[in-house]
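The values are calculated or read from the model by the stated rules, or taken from the named source; none is laboratory data. These figures come from a predicted structure and were not determined experimentally. Glycine also receives a Cβ, built like all others from the backbone with ideal geometry; neighbour counts cover every protein chain displayed.
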Amino acid sequence: MKLLIAIVSNDDSSAVITALTKNKFQVTKLSTTGGFLRAGNTTLLVGVEDEKVEECISLIGSESCKRTEMVPATASFDIGRYTSYPVEVQVGGATIFVLNVEQFIKL
């Protein structure tokens, strides 16, 4: 058995959870924050049998697409003034960790 820890964008989390539960994967959702933009994201914990790991990863990948967004960035001038200008960054996608599970107990 494996434990998948998937970090996905809040924008994608509902679609990912729906796809996983529709395919009979049990999911625990944690609200988390971090990353480059310090934006909200969702961490999913999924217990998976060894032979279903690739299916689970594929479902997560199909529902958490990378996309480009414009976000404000600031620049300072030497006279103490700041200006904000948009910067294009890539958001979305998923970061997935696959861990071995020594023991699984469901009470």
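Taking the criterion of being more than 16 Å from Leu99 (Cβ to Cβ) and within 11 Å of the chain's Cα centre (by Cα), the residues of segment 40-59 that qualify are Gly40, Asn41, Thr42.
Annotation: of all residues in segment 1-11 being within 11 Å of the chain's Cα centre (by Cα) and at pLDDT 90 or above, the one that is nearest to Ile105 (Cα to Cα) is Ile5. The set of residues in segment 1-25 being outside any strand (DSSP E or B) and among the hydrophobic types (A, V, I, L, M, F, W, C) consists of Met1, Ala15, Val16, Ile17, Ala19, Leu20, Phe25. Taking the numbered list (1) within 19 Å of the chain's Cα centre (by Cα); (2) outside any strand (DSSP E or B); (3) at pLDDT 85 or above in turn, Thr28 passes all entries but (2).
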